[in-house]
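Reviewing the structure listed below.
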Amino acid sequence: MQSLRFKAIDNLTSAKDEVTVNSPAKITAIFGENVFTLQAAREHLSDDAFKSLNSSIKSGQKIDRSLANQVAAGMRHWAQSKGVTHYTHWFQPLTGTSAEKHDSFFTLKSDGSPIEEFDGNALTQQEPDASSFPSGGIRATFEARGYTAWDPTSPAFIMNIGQGHTLCIPTIFVSYTGECLDYKAPLLKSIEALNKAAVDVCHFFDKNVGKVTATLGWEQEYFVIDEGLANARPDIIMTGRTVFGHSPAKGQQLEDHYFGSIPERVYAFMRDFEHESYKLGIPLRTRHNEVAPAQFECAPIFEELNLAVDHNTLLMDVMARVAKRHRLRVLLHEKPFAGINGSGKHNNWSMATDTGVNLLAPGKTPKTNFMFLAFFVNTIKAVHDHADLLRAAIASAGNDHRLGANEAPPAIISAYIGRYLSKVLDAVESRVGDKFDEQDEVMLKLDIHKNIPELLLDNTDRNRTSPFAFTGNKFEFRHHG
């Protein structure tokens, strides 16, 4: 292993070739080109099929089975125009990765004639062998049937791997008796439960609200190491993290890696996986060096919760594949190295109405914004009542190692809301709201050159310790790894 490491270092210092990344001048030129968006559906579906699909996405109505054949035919026509030969039901079993079984559009008719087809039954339902999900030792072998069912709220997309192109259809995954075998089915249930409860509350303030959508903006931290150096480490190959080894001569002591200049080789990798992500409709916006050496982060614009989770799952797959083109290895483990920060997947969560209101945005007058106060207080109460569930949701060996250092360390789940909003709630509780003065916009004046603009201050400082902190118009769950 020592000779492998020396060889990897020699190759690393002598290698000059670099992967060419042909990024477009404008992201909008390629964004979503491999996604069956509503615009693509409009071009390839009949009016009735498009209306049925649109209603299913926007209002949760089931797609008429009689129209499923039309949707499937239009989806196949669109996919084949982009070189697709196979399709798959793409699902997220309890293994921490995504799963897929590819089937060809090709089939033979009864007379032996070869044709290509994709009907509504193949679109809406499939039966992958579920005996090994979540593992081969948990479910009885005589109870091995499982079903995948199409989730129309997350658009189908085309995955390009080398010269192959596959149509991926996001689905839920359940057992023969209806138990959830994946992460998507419980998520969709929770989204609908929140929608029903939140709409009822909204109607106390606004009768026009017909739907409340949970929104999510995730942050993906990751480490990047040379592929040759990774191959010299059996622990990294087998587990995605180090299990033994010496501490480096220089680690995170100075934290000088944070927001530093991005290394050129990693920069090329970032541009490449961003390029692939944009084609899949993943709205990445931020990239930077993280605190630990060789650690980086990317983050998208917030989206509807179900779609955001699908995009994050898809992104991790894209990152791993693109890294190989650059002779790199991406480590997504929560704590791959001892003695330095691990990687979090912070969740910036809020709720939005179909009338365009962010329910966790206090506005300029939070004291009189009663709809905001209602959802704000109920969210805090929910955290108080169900802190054990929140803690259990992020409890794993890797993540608990990560949380033991400088990254939202408290084992007790608490909500931080800041001094100003604490005063607002105190005023409401003590019924002295009329005497409470709303805070006007506060400008930070800097005693330096007059050309530097004044800074507009937020209501609260940033709290990196609280696991569930209010950050202006959303809550950030920092415990998630």
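All of the numbers you see were taken from the coordinates with simple rules; none came from a lab. Please read these numbers as outputs of a predicted model, since none were measured by experiment. Backbone-built Cβ (ideal geometry, glycine too); neighbour counts: all protein chains shown.
Put in line by how crowded their Cβ is, counting other Cβ atoms within 10 Å and starting with the fewest, 275, 89 read 275, 89.
Here region 91-142 yields Rg over Rh of 1.12, to two decimals, using C-alpha coordinates and the Kirkwood radius. With the largest listed first and rounded to whole Å, the semi-axes of the equivalent ellipsoid of the chain from the Cα gyration tensor are 38, 34, 23. Region 267-377: percent of C-alpha pairs farther apart than 26 Å? Above the 26 Å cut-off, region 267-377 has 35 percent of its Cα pairs. Note on region 58-179: Cα Rg divided by 2.2 N^0.38 Å, N the number of residues, gives 1.14. DSSP beta bridges in the chain, what fraction antiparallel, as a percent rounded to 5? The antiparallel fraction comes to roughly 90 percent.
For residue 470, neighbours were defined as the other residues whose beta-carbon sits under 13 Å from its Cβ, and their charges (Lys and Arg +1, Asp and Glu -1) total +1. Based on DSSP H segments of at least four residues, each scored -39500 (n - 2.57), the chain has a per-residue ellipticity at 222 nm of -10500 deg cm²/dmol.
Legend: calculated FRET efficiency, residue 246 to residue 389, from the Cβ-Cβ distance at R0 = 60 Å, rounded to 0.05, equals 0.90. Kindly list the residues of region 158-193 that lie in the label zone of residue 129, defined by a backbone N under 13 Å from the point 7 Å along the Cα-to-C-beta vector. Residues passing the 13 Å test: none. Ordering 475, 106 by the number of other Cβ atoms within 10 Å of each residue's own Cβ, fewest first, gives 106, 475. Charge tally around residue 159: other residues with Cβ under 9 Å, Lys/Arg +1 each, Asp/Glu -1 each, net -2. A compact globular protein would have a Cα radius of gyration near 2.2 N^0.38 Å; the ratio found for region 320-426 is 1.44.
Among the listed pairs 51/474; 423/445; 279/364; 26/364; 82/474; 101/324, those with a Cα-Cα distance over 27 Å are 51/474; 279/364; 26/364; 82/474.
A simple count of charges around residue 276, restricted to other residues whose Cβ falls under 13 Å of its Cβ and scoring Lys, Arg +1 and Asp, Glu -1, yields +1. Packing, as the average of other Cβ atoms within 10 Å across residues, places the peptides 286-292, 31-37, 146-152 in the order 146-152, 31-37, 286-292, highest first. Residue order for 443, 75, 159, 371, fewest other beta carbons within 10 angstrom first, comes to 443, 371, 159, 75.
Enclosing the Cα atoms of region 1-95 in their convex hull gives a volume equal to 218 cubic angstrom per residue.
With the simple spin-label model, which puts each label point 7 Å out from Cα in the Cβ direction, the residue 160 to residue 193 separation comes to 4.1 nm. In this rough spin-label picture, where each label sits 7 Å from Cα along the Cβ direction, the residue 231-residue 324 distance is 1.3 nm. Convex hull volume of the C-alpha atoms in region 213-477, normalised per residue: 175 Å³. Straight-line cross-link partners of residue 7 among the aspartates and glutamates, defined as a Cα under 20 Å from its Cα and at least 8 positions apart when in the same chain: 17, 18, 226, 227, 235. Shown is the FRET efficiency for residue 422 and residue 444, computed with R0 = 30 Å from the Cβ-Cβ distance and rounded to the nearest 0.05: 0.90.
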